[in-house]
Every structure is written in C-alpha cells, then in structure tokens.
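**Student:** Dropping a structure here in structure tokens format, bear with me for questions.
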Amino acid sequence: MPAADAARLAAILQDRRGEIGAAWLDRVVTELQGRITRAEAEREQTEIFDALVGGLLAGGERLDAPSFDSLRSLLSDLSATRARLGFTPRETAVGVFALKEGLYDIAGRGDTERVDDVAALLRLVDDLGLFTFESFAAAREGIISEQAEQLLELSTPVVKLWEGVVAVPLVGTLDSARTQVVMEKLLQTLVETGSEHAIIDITGVPAVDTQVAQHLLKTVVAARLMGAECTISGIRPQIAQTIVALGIEFGDIRTKATLADALVAALRANGSARTAAAVAGA
C-alpha cells in the first residue's frame with residue numbers, strides 16, 4: 001500500500017468518522033451485552049480509531065510497520081485487560097472486527113474507487129482482529145501459567161512441625177516440575193528455620209513408580225546437601241508392595257509408615273527423647 005493510498009484511506013476514515021463510529025459502537029455494545037458500558041466502549045473505540053488514522057497518515061502500509069506501533073501496543077493492552085477480566089476471545093476480537101460495520105455501508109454505495117479503498121481498509125481490519133486475537137491468546141496463556149505456578153506452590157507447603165523438624169506433605173502426582181518446587185521450598189525453609197530434619201510425607205500420593213521414586217531421591221539428596229536428614233513417611237502397604245515389585249532401592253533413606261512415626265524418629269535423632277516419648281504417647 002503506497003503512502004498516498006494510506007493517506008487516502010485515512011481521509012476516508014476521518015470524513016466518515018461519525019457514521020463509521022456509530023455503526024461500530026452499536027455493534028460492540030450489542031455483542032458485549034452489558035459486559036462494558038457504552039461510555040467505556042466509546043473511549044476504547046476512540047483510542048483505536050485515532051491510532052489507526054495516525055498510523056495511516058504516517059504512511060503505514062502494513063500492521064507491522066513502525067507507524068502502527070502505538071496501535072499494536074493499544075490492542076495488546078486491551079487484549080491483556082480483557083483476558084484478566086475473563087472475556088472470551090470472541091468478546092475481545094469483536095471490539096475490532098465491529099469496525100467493519102460502518103465500512104460495509106460505505107462500500108454498498110456503489111462507488112468503484114471507494115469500494116477498492118474500503119476493501120483495503122477491511123483487509124487492514126482483519127489484520128487488526130487477528131493481532132488482537134493472538135495477543136489475547138498470549139495473555140491468557142500467561143495468566144494460566146501464573147495460576148498453575150501459584151497452585152503448584154500452594155499444593156506443596158513446607159510445615160514446621162517442631163523445633164528443628166519440618167515436613168512436606170505431598171498430595172497428588174509428583175512430576176519433575178513439582179519436584180523442583182518441592183526442592184526449592186524445602187531448601188529455603190531449611191535455611192530459614194535452621195532445621196536438621198525433614199520429613200517428606202507421601203500419604204496423599206496415589207502411587208509410587210520408578211519416576212516418582214527418582215524425584216523423591218533427588219529431593220532427599222538436595223536436603224542432605226544442606227545438612228538435613230530426610231525421612232519418607234506415608235508408606236502404605238500397597239505402596240510398599242509396589243516399591244518391592246519394582247525393585248526400587250531407597251538405600252539408607254529412613255522410611256516410616258505414618259507421619260507421626262517419622263516425627264518421633266526425627267525428635268529422637270534430634271536428642272529430644274522425652275519429647276519424642278510424649279509425642280508417641282499422644
């Protein structure tokens with residue numbers, strides 16, 4: 001699109017701003033059905049329209065041209081906001097695609113030269129809509145990743161059970177990503193509390209296979225490098241049978257059937273015999 005053509009397209013938008021904007025706004029308000037107010041839709045529309053016209057006046061031939069930097073930034077911010085507010089991809093993209101409503105009216109008047117110009121504008125609007133959709137998808141993926149990380153951290157708490165003793169109660173499947181979080185949180189807690197004993201409780205882990213065992217061993221080794229001894233608790237009969245059948249070796253790692261047994265053992269190893277006896281009898 002030559003610079004002269006871009007300027008002509010900008011002139012069409014400016015000359016027909018009123019009717020294009022009215023049709024655009026009506027379509028957006030109708031489609032979103034109260035998701036945003038008419039005033040909010042009009043403000044967003046004005047910002048998009050001004051950025052579009054400004055890019056065309058600066059000679060923008062394609063959406064990726066530098067003259068459309070502000071427009072792309074505006075659409076990216078709008079898409080990210082929509083994603084955070086829970087809008088659907090359709091509800092987000094309609095704010096751009098609805099611009100076509102007013103352009104269709106102009107094209108329908110039969111002016112051949114004007115029809116060609118409007119066709120160019122419609123192609124540009126398609127590019128804007130696709131960019132908006134892609135920006136929304138990227139923003140949504142980022143939000144989902146953040147939420148997954150937050151849930152992962154919440155699902156792997158490190159609890160201080162006693163002076164010098166911390167525990168990691170695991171629930172659900174233990175994979176590589178979760179193991180990394182467990183390691184980081186456990187090591188950080190060991191440093192903060194100065195604990196010398198850590199209990200990894202797998203009562204809530206549905207099954208232990210070779211991969212899960214390897215993840216547990218990595219966590220134990222990491223804790224030992226920090227000077228803490230680990231006990232794995234929650235070894236139920238079914239899990240014990242599976243471990244034996246698979247030939248999994250925990251080596252010199254201490255294992256206990258219950259979290260209470262592991263706590264008693266940790267307290268005894270810590271020299272708190274009286275306290276351990278009290279805990280065992282509780």
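The values are calculated or read from the model by the stated rules, or taken from the named source; none is laboratory data. Only a predicted model underlies this, so the values are computations on that prediction, with no experimental measurement involved. Ideal geometry is used to build each Cβ from the backbone, glycine not excepted, and the neighbour counts take in all protein chains shown. Ligands, DNA and RNA are excluded from the accessible area calculation, which covers all protein heavy atoms including side chains. Shrake-Rupley method; radii C 1.70, N 1.55, O 1.52, S 1.80 Å.
**Student:** Out of the residues in the range 223-242 that are of a type in the set (Gly, Ala, Ser) and surrounded by fewer than 19 Cβ atoms within 10 Å (Cβ to Cβ), which is farthest from VAL191 (Cα to Cα)? Please lay out each step first, then the result.
**Tutor:** First, pick out the residues of the range 223-242 that are of a type in the set (Gly, Ala, Ser): 223, 227-228, 233-234, 240.
Right, trim to surrounded by fewer than 19 Cβ atoms within 10 Å (Cβ to Cβ) and you get 227, 240.
Details: GLY227: 10, ALA240: 32 Å.
It comes out as ALA240.
**Student:** I've got another one for you. Filtering the range 3-24 down to residues that are free of Cβ contacts under 8 Å to residues at least 24 places away in the same chain and of a type outside the set (D, E, K, R), which residue is farthest from LEU74 (Cα to Cα)?
**Tutor:** For the range 3-24, the residue satisfying everything is ALA4.
**Student:** Also, quick follow-up: Name the residues in the range 243-258 that are within 36 Å of the chain's Cα centre (by Cα) and crowded, with 18+ Cβ neighbours inside 10 Å, would you?
**Tutor:** ILE243
**Student:** Can you confirm whether ASP201 is at pLDDT 90 or above, closer than 30 Å to GLY54 by Cβ and open to solvent by 10 Å² or more (accessible area, probe 1.4 Å)?
**Tutor:** So ASP201 does not fit the description; no.
**Student:** Criterion first (at pLDDT 90 or above and surrounded by fewer than 16 Cβ atoms within 10 Å (Cβ to Cβ)) does ALA3 satisfy it?
**Tutor:** no
**Student:** Here's another thing I want to ask about it. Can we say GLU134 is out of contact with any strand residue (DSSP E or B) (no Cβ under 7 Å at 6 or more places or on another chain), open to solvent by 60 Å² or more (accessible area, probe 1.4 Å), among the acidic types (Asp, Glu) and at pLDDT below 90?
**Tutor:** So GLU134 fails the test.
**Student:** While we're looking at this one, here's another question. Restricting attention to helices (runs of 4 or more DSSP H) lying wholly within the range 234-282, give those where 3 or more residues are at pLDDT 75 or above and at negative phi. Show your work before the answer.
**Tutor:** Working: elements: 237-246, 259-269, 273-281.
Fully inside the range 234-282 and qualifying: 237-246, 259-269.
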